[in-house]
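Below is one structure, written out as structure tokens, with a few remarks after it.
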Amino acid sequence: ALYNSTEGCDAARKECTLAAAAAERRREDLALRVEQLSEENAWLNQTVVAKEAHLHDEVGLRMQLEGSVQSLKEQMNLMQGQLITAQQQQGTLHSGHRRHH
């Protein structure tokens, strides 16, 4: 009877050791997974930060371009106005000449 209980004890000890080893492996696997996910998360955060910076630059450039376009439009309007004035003056000169003939 004593022998049986010792045998049972040994078996239980072996089972316990195996279970502990399996738990340790599982813990190592999980630790590795956590590390992988942390790296992935860090990379994603960097990517997001980079994209936000790029977007910020893009918005700045777009605003600069819009400003340039606006000032070009104003210059064109001004030149058009000057052109019309010049044509009117020329027209007056020509009609003045014609009147003299």
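Observations on the structure shown:
- Considered as a group, the residues in region 51-75 that are of a type in the set (A, V, I, L, M) and over 20 Å from the mean Cα position of the chain (by Cα) include one that is most open to solvent (accessible area, probe 1.4 Å), and that residue is Leu65.
- Among the conditions (1) at pLDDT 95 or above; (2) open to solvent by less than 90 Å² (accessible area, probe 1.4 Å), the only one that Glu40 does not satisfy is (2).
The values are calculated or read from the model by the stated rules, or taken from the named source; none is laboratory data. These numbers were taken from a predicted model, which means no experiment stands behind them. What goes into the accessible areas is simple: the full protein's heavy atoms, side chains included, and nothing from ligands, DNA or RNA. Shrake-Rupley method; radii C 1.70, N 1.55, O 1.52, S 1.80 Å.
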